[in-house]
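Down below is the structure, laid out as structure tokens.
The values are calculated or read from the model by the stated rules, or taken from the named source; none is laboratory data. Since this is a predicted model, take the numbers as computed values, not measurements. Cβ placement follows ideal geometry from the backbone for every residue including glycine, while neighbour counts extend to all protein chains displayed.
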Amino acid sequence: MERIILHSDLNCFYAAVEMLYNPEYRTVPIAVCGDIEERHGIILTKNALAKECNIKTGEAIWQAKQKCPNLICVKANFSLYLRYAMKVKKIYLDYTDYVESFGIDESWLDISDCHHLYPSAIELANTIKNRIKFELGLTVSIGISYNKVYSKLASDAAEVDSIYTIYKEEREQKVFPLSIRDLLFIGHSNAKKLKMYGIYTIGDLAMTSVSTLEHIFGKVGLTLHAFANGYETSLVAHHTTSGSLKSIGNSTTCPKDLTTLEEVKIIFTILSESVCARAREQGFYGKTVTISIRDHQLVTVTRQMQCEIPTDCTDIVVKHALCLFEKHYSFSNPIRSLGVRLSNFTKTAPTKQISFFDKKKDLTVKQLELAFDEIRNRFGHFKIQRGCVLQDADLNRLDPKSDHVIFPESYFK
């Protein structure tokens with residue numbers, strides 16, 4: 001039996017929730033932002049009127065206001081958005097137990113075992129869409145296909161509050177003409193590399209030999225070939241496992257563009273402090289450190305490496321982050337934002353923590369980190385800071401732990 005997979009994408013989710021609570025926002029361009037007071041605030045999402053002004057997700061507030069001087073910027077209220085996301089998920093679970101979140105506003109649903117209860121898969125998708133609209137006041141675009149990758153392509157192609165299908169026999173008509181940038185996990189860097197080989201569309205990618213793609217990307221080439229051809233077969237996770245914590249990360253758009261390694265170290269230290277504090281709260285030790293680098297032209301680079309032993313230590317994470325940065329970035333452009341993520345968790349504590357003080361000191365790294373946590377929990381983040389962070393007054397005002405991101409289970413294992 002061929003699978004039937006839905007991909008749902010809540011339309012302008014953060015902005016839509018804000019408009020529920022503030023009806024006056026419905027007639028003006030608004031954007032939900034990470035921080036509306038500082039330059040490092042960025043556009044997280046926007047409503048349709050702001051989109052008409054060419055406001056883009058990820059750009060700085062000051063850039064957006066140049067395009068749209070009357071843009072209203074609203075500070076993000078993540079606890080409110082999460083509450084609505086859970087309400088939406090409860091609706092999904094009325095129809096299938098196989099619901100896998102992909103971020104806060106997107107989900108896959110496997111309806112293979114229940115669609116026969118309705119005249120068609122489209123009827124079932126319409127039922128779900130209408131319930132979300134009438135019960136919660138939110139609209140959703142839903143894509144229908146036979147695998148996860150194509151169903152996401154379908155929801156991306158769907159208009160607001162509508163449904164779009166990509167069936168197997170429609171592959172060449174609906175999928176192959178699309179840009180390679182539309183395919184899941186092909187970012188700017190991979191797209192640029194593919195274009196060097198004359199591969200511009202998903203169809204071009206699908207028709208390229210596996211050996212050529214392996215030559216370009218290694219084993220990832222096999223995955224991209226499967227994605228393009230609709231051969232992807234990964235399962236939609238059961239709702240009891242799809243939300244399991246697999247990584248903890250923070251990213252920030254910096255108060256100023258970074259041009260020196262010293263500035264990068266400050267931001268990595270601030271981000272790593274937050275990530276490791278949350279890992280300690282959960283009792284996790286991570287083996288994999290991942291960094292993301294976005295330059296002032298919004299080109300993003302992501303790299304990762306393994307730690308020798310699992311860790312929740314800030315200095316060890318910073319050390320690995322800087323190693324990755326120096327190996328993979330040369331300051332060809334100023335840096336707009338940085339991110340740090342810790343993953344591949346274990347609950348088993350390593351046999352020892354490496355001290356970054358003289359061995360004669362009686363404080364271990366673990367004890368020192370816990371002391372940091374205790375002081376900040378009792379008296380506030382800025383009551384204690386590392387010396388390297390205090391070297392730059394423009395950068396040391398960040399407190400990413402108050403605006404953290406906890407990443408759900410990876411799409412690929």
Practice task
Taking Gly198 as the residue in question, decide whether it is in contact with an Asp or Glu (Cβ under 9 Å, 6 or more places away or on another chain), of a type outside the set (D, E, K, R) and on the phi > 0 side of the Ramachandran plot.
Solution key: yes
Exercise for the section: Would you point out the residue of the stretch 342-352, among those that are in a loop (DSSP other than H, G, I, E, B) and either hydrophobic (A, V, I, L, M, F, W, C) or at pLDDT below 80 (or both), that is surrounded by the fewest Cβ atoms within 10 Å (Cβ to Cβ)? Expected result: Thr351
Handout entry: Ala154 vs. criteria in contact with a strand residue (DSSP E or B) (Cβ under 6 Å, 6 or more places away or on another chain), assigned to a helix (DSSP H, G or I) and not assigned by TED's automatic domain parsing to the domain that holds Tyr21
Key = yes
Practice task
Quick one: Ile291 ticks every box in (1) touching a residue at least 60 places away in the same chain (Cβ under 8 Å); (2) closer than 26 Å to Phe185 by Cβ; (3) outside any helix (DSSP H, G or I) except a single one, so which number is it?
Solution key: (1)
Handout entry: the stretch 287-314, subset crowded, with 19+ Cβ neighbours inside 10 Å and of a type outside the set (S, T, N, Q), residue farthest from Lys256 (Cα to Cα)
Key = Pro310
Completion exercise
Checked the stretch 194-203 for anything within 15 Å of Gly230 (Cβ to Cβ) and out of contact with any strand residue (DSSP E or B) (no Cβ under 7 Å at 6 or more places or on another chain); matches are Ile202, Gly203
Handout entry: Filter pass, Ile186 being free of Cβ contacts under 8 Å to residues at least 24 places away in the same chain, crowded, with 19+ Cβ neighbours inside 10 Å and assigned to a loop (DSSP other than H, G, I, E, B)
Key = no
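For every residue, the table says whether it meets (1) part of a strand (DSSP E or B); (2) in the same structural domain as Leu44 (by TED's automatic domain parsing); (3) at pLDDT 75 or above; (4) among the basic types (Lys, Arg).
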residue	(1), (2), (3), (4)
Val340	yes, no, yes, no
Ile354	no, no, no, no
Asp362	no, no, no, no
Lys366	no, no, no, yes
Phe382	no, no, no, no
Leu390	no, no, no, no
Leu398	no, no, no, no
Problem - Odd one out for His116, checked against (1) touching a residue at least 12 places away in the same chain (Cβ under 8 Å); (2) part of a helix (DSSP H, G or I); (3) over 21 Å from Arg83 (Cα atoms) - result: (1)
Fill in the blank from the handout: The correct count of residues that are surrounded by fewer than 22 Cβ atoms within 10 Å (Cβ to Cβ) and in a helix (DSSP H, G or I) in the stretch 89-113 is 4
Practice task
Please tell me if Ile180 is more than 27 Å from Asp295 (Cβ to Cβ), under 25 Å from the mean Cα position of the chain (by Cα) and surrounded by 15 or more Cβ atoms within 10 Å (Cβ to Cβ).
Solution key: no
Problem - Single residue of Asp113, Asp105 found to be under 25 Å from Val236 (Cβ atoms), within 22 Å of the chain's Cα centre (by Cα) and acidic (Asp, Glu) - result: Asp105
